[in-house]
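Notes to accompany the following structure.
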Amino acid sequence: MARVSQEHLDARRRQILDGAALCFARNGFHATSMQDVLKEVDLSAGAVYRYFRGKDELIQAIVTEVLDDVRAAFEAAGKEAPLPPPYELVGMVVRRMFAGRPGLQVDGESYFPRLMVQVWTETLRNEGLSVVLREGYAKVRGVWVGIVQEYQAAGAMRADVDPEDVARTMIAAVQGFAAQQALFGELPVENLQSGLRGLMSMGEVS
């Protein structure tokens, strides 16, 4: 019997995760059955259970992956050099998050925001996943506190504002925009950037 390559195994696992994520984004974790997932990925039960022992394990894998994707997007934006203005940086995070999962594109629309909302809901009932979320958020917040401190050191942001407060607000802008996308449909990221730029310009008006 021919040996299956690791590349094939990884691709099959990716197929299952993307198909399940689409199901969960559309209908939620608990309204989605394993039969729904099997139909979406067009695989037998045996093929899927080779990778995941059941729906709970599949949910945990997807939630962990989404949280990792979000954290990676924030951390990557924080490595930009030189640092762009905050409204541009926030836009970069949103674009990275939505474009990072091509398997969650349906008719040109990203289902990632819907999946994010489902993930947040799941962490409210699952203490283990809640810990993962809190730990990831703490890491992201730490990165962005450092970004704010760089802005302040360069004289681009007021020095009398707590960097922790600014970092939380910038993260909240991304989370809020993702929630709007999930609830009301796609909006250009430029709308978010324009709004943030307007808020930041208030002190410049004479």
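So here's what we get for this one:
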quantity	calculated
Residue match in the range 109-121 (condition: farther than 30 Å from residue 163 by Cα, touching a residue at least 40 places away in the same chain (Cβ under 8 Å) and among the hydroxyl-bearing types (Ser, Thr, Tyr))	yes
Identity of the residue in the range 46-64, assigned to a helix (DSSP H, G or I) and of a type outside the set (A, V, I, L, M), that ends up nearest to the chain's Cα centre (by Cα)	64
Breaking point among (1) touching a residue at least 24 places away in the same chain (Cβ under 8 Å); (2) surrounded by fewer than 20 Cβ atoms within 10 Å (Cβ to Cβ); (3) within 25 Å of residue 31 (Cβ to Cβ), for residue 105	(1)
Verdict on residue 29 being touching a helix residue (DSSP H, G or I) at 6+ places or on another chain (Cβ under 6 Å), in contact (Cβ under 8 Å) with a residue 40 or more places away in the chain and outside any helix (DSSP H, G or I)	yes
In the range 151-206, residue modelled with the highest pLDDT [restricted to those that are open to solvent by less than 80 Å² (accessible area, probe 1.4 Å), closer than 27 Å to residue 99 by Cβ and in a loop (DSSP other than H, G, I, E, B)]	188
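For every residue, the table says whether it meets (1) buried (at least 18 other Cβ atoms within 10 Å of the Cβ); (2) at negative phi; (3) of a type in the set (Ser, Thr, Tyr); (4) at pLDDT 85 or above.
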{"residue": "60", "(1), (2), (3), (4)": "no, yes, no, yes"}
{"residue": "67", "(1), (2), (3), (4)": "yes, yes, no, no"}
{"residue": "73", "(1), (2), (3), (4)": "yes, yes, no, yes"}
{"residue": "80", "(1), (2), (3), (4)": "no, yes, no, no"}
{"residue": "85", "(1), (2), (3), (4)": "no, yes, no, yes"}
{"residue": "88", "(1), (2), (3), (4)": "no, yes, no, yes"}
{"residue": "91", "(1), (2), (3), (4)": "yes, yes, no, yes"}
{"residue": "95", "(1), (2), (3), (4)": "no, yes, no, yes"}
{"residue": "100", "(1), (2), (3), (4)": "no, yes, no, no"}
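The values are calculated or read from the model by the stated rules, or taken from the named source; none is laboratory data. Note that this is a predicted model, so its numbers are computed, not measured. So basically every Cβ, Gly included, is an ideal-geometry build from the backbone, and we count neighbours across all protein chains shown. We work out accessible area using only protein heavy atoms, side chains counted, and drop any ligands, DNA or RNA first. Shrake-Rupley method; radii C 1.70, N 1.55, O 1.52, S 1.80 Å.
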